[in-house]
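Everything below concerns the one structure shown next.
The values are calculated or read from the model by the stated rules, or taken from the named source; none is laboratory data. The shown structure was predicted, so the numbers you read here are calculated from the model rather than taken from an experiment. Here the Cβ is made from the backbone with ideal geometry for all residues, glycine too, and neighbour counts use every protein chain on show.
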Amino acid sequence: MTALLTDKAILDHIGERARQLRLRKNITQGELAKDSGVGKSTIERFEKGHSIQLTSLIRIIRSFGKLDDLLDLIPDQTASPMEMLMKEEATKYRASKVKKKKPEVWKWGDE
(Lines give C-alpha, C1' and ligand atoms only; values in the text may rest on other atoms or scores of the structure.)
Protein backbone atom coordinates (compact mmCIF):
# COMPACT_ATOMS: atom_id res chain seq x y z
CA MET A 1 0.00 0.00 0.00
CA THR A 2 2.80 2.45 0.82
CA ALA A 3 4.10 2.03 -2.73
CA LEU A 4 0.99 3.88 -3.91
CA LEU A 5 1.56 6.90 -1.65
CA THR A 6 2.95 10.12 -3.09
CA ASP A 7 6.26 11.50 -1.86
CA LYS A 8 4.38 14.23 0.03
CA ALA A 9 2.13 11.67 1.74
CA ILE A 10 5.16 9.66 2.83
CA LEU A 11 6.90 12.80 4.16
CA ASP A 12 3.72 13.67 6.10
CA HIS A 13 3.54 10.14 7.52
CA ILE A 14 7.23 10.04 8.54
CA GLY A 15 7.00 13.51 10.09
CA GLU A 16 3.95 12.49 12.11
CA ARG A 17 5.67 9.33 13.32
CA ALA A 18 8.70 11.37 14.38
CA ARG A 19 6.44 13.78 16.27
CA GLN A 20 4.70 10.88 18.04
CA LEU A 21 8.04 9.34 19.00
CA ARG A 22 9.32 12.68 20.31
CA LEU A 23 6.19 13.18 22.40
CA ARG A 24 6.31 9.59 23.70
CA LYS A 25 9.87 10.27 24.86
CA ASN A 26 8.63 13.53 26.43
CA ILE A 27 11.12 15.67 24.48
CA THR A 28 10.37 19.19 23.26
CA GLN A 29 11.25 20.30 19.74
CA GLY A 30 13.90 22.59 21.20
CA GLU A 31 15.49 19.76 23.21
CA LEU A 32 15.52 17.49 20.16
CA ALA A 33 17.05 20.25 18.06
CA LYS A 34 19.80 20.86 20.62
CA ASP A 35 20.50 17.15 21.12
CA SER A 36 20.62 16.42 17.40
CA GLY A 37 22.52 19.55 16.38
CA VAL A 38 19.90 20.86 13.95
CA GLY A 39 17.76 23.98 14.14
CA LYS A 40 14.37 23.99 15.82
CA SER A 41 12.86 25.13 12.53
CA THR A 42 14.25 21.96 10.90
CA ILE A 43 12.43 19.84 13.50
CA GLU A 44 9.24 21.83 12.90
CA ARG A 45 9.49 21.43 9.12
CA PHE A 46 10.26 17.72 9.43
CA GLU A 47 7.29 17.06 11.69
CA LYS A 48 5.01 19.00 9.33
CA GLY A 49 6.03 16.74 6.44
CA HIS A 50 8.44 19.06 4.66
CA SER A 51 11.66 17.86 3.09
CA ILE A 52 14.89 18.20 5.09
CA GLN A 53 18.51 17.39 4.33
CA LEU A 54 19.63 13.79 4.69
CA THR A 55 22.31 14.76 7.23
CA SER A 56 19.64 16.44 9.37
CA LEU A 57 17.49 13.30 9.19
CA ILE A 58 20.45 11.17 10.27
CA ARG A 59 21.16 13.47 13.22
CA ILE A 60 17.51 13.40 14.34
CA ILE A 61 17.30 9.61 14.04
CA ARG A 62 20.57 9.28 15.95
CA SER A 63 19.13 11.45 18.75
CA PHE A 64 16.12 9.13 18.96
CA GLY A 65 18.50 6.16 19.29
CA LYS A 66 17.13 4.63 16.09
CA LEU A 67 20.16 4.81 13.79
CA ASP A 68 20.40 1.02 13.55
CA ASP A 69 16.82 0.95 12.26
CA LEU A 70 17.80 3.38 9.50
CA LEU A 71 20.84 1.32 8.56
CA ASP A 72 18.66 -1.80 8.37
CA LEU A 73 16.70 -0.24 5.49
CA ILE A 74 19.56 -1.02 3.12
CA PRO A 75 21.33 -4.18 4.34
CA ASP A 76 24.93 -5.01 3.50
CA GLN A 77 25.23 -6.97 0.29
CA THR A 78 27.61 -9.69 1.35
CA ALA A 79 28.27 -12.65 -0.87
CA SER A 80 27.45 -16.19 0.19
CA PRO A 81 30.41 -18.50 0.84
CA MET A 82 29.78 -20.25 -2.48
CA GLU A 83 29.74 -16.94 -4.35
CA MET A 84 32.99 -15.97 -2.67
CA LEU A 85 34.64 -19.21 -3.80
CA MET A 86 33.46 -18.87 -7.37
CA LYS A 87 34.29 -15.19 -7.67
CA GLU A 88 37.89 -14.05 -7.57
CA GLU A 89 37.51 -10.38 -8.35
CA ALA A 90 37.92 -7.28 -6.21
CA THR A 91 35.01 -5.68 -4.40
CA LYS A 92 32.76 -3.82 -6.85
CA TYR A 93 32.54 -0.07 -6.41
CA ARG A 94 30.52 0.64 -9.57
CA ALA A 95 28.00 -1.18 -11.66
CA SER A 96 29.27 -1.97 -15.11
CA LYS A 97 28.26 -3.90 -18.19
CA VAL A 98 29.99 -7.14 -19.03
CA LYS A 99 32.76 -6.47 -21.50
CA LYS A 100 32.62 -8.73 -24.52
CA LYS A 101 35.87 -10.12 -25.87
CA LYS A 102 36.45 -9.81 -29.58
CA PRO A 103 36.31 -13.23 -31.21
CA GLU A 104 39.59 -14.46 -32.60
CA VAL A 105 39.58 -14.49 -36.36
CA TRP A 106 40.83 -17.69 -37.87
CA LYS A 107 43.27 -17.31 -40.75
CA TRP A 108 44.90 -19.84 -43.01
CA GLY A 109 48.20 -20.92 -41.65
CA ASP A 110 47.40 -20.07 -37.99
CA GLU A 111 47.39 -23.66 -36.85
* Would you check which residues across region 1-24 are surrounded by 17 or more Cβ atoms within 10 Å (Cβ to Cβ) and either farther than 22 Å from D72 by Cα or in contact (Cβ under 8 Å) with a residue 40 or more places away in the chain (or both) and list them? => L11, A18, R22
* Structure fact -> Checked against (1) at pLDDT below 95; (2) touching a Ser or Thr at 6+ places or on another chain (Cβ under 9 Å), P75 satisfies every condition except (2)
* Evaluate region 25-43: report whether one residue or more is under 17 Å from L73 (Cβ atoms), out of contact with any Leu (no Cβ under 9 Å at 6 or more places or on another chain) and of a type in the set (A, V, I, L, M, F, W, C). => no
* How many residues are more than 24 Å from the chain's Cα centre (by Cα), among the β-branched types (V, I, T) and closer than 16 Å to K66 by Cβ if we restrict to region 21-46? -> 1
* Name the residue, out of D69, D35, D12, D76, that is assigned to a loop (DSSP other than H, G, I, E, B) and of a type in the set (D, E). => D76
* To do: Could you run through region 38-58 and say how many residues are assigned to a helix (DSSP H, G or I) and in contact with a Gly (Cβ under 7 Å, 6 or more places away or on another chain)?
  => 3
* To do: Please work out if S36 is small (G, A, S) and surrounded by fewer than 17 Cβ atoms within 10 Å (Cβ to Cβ).
  => no
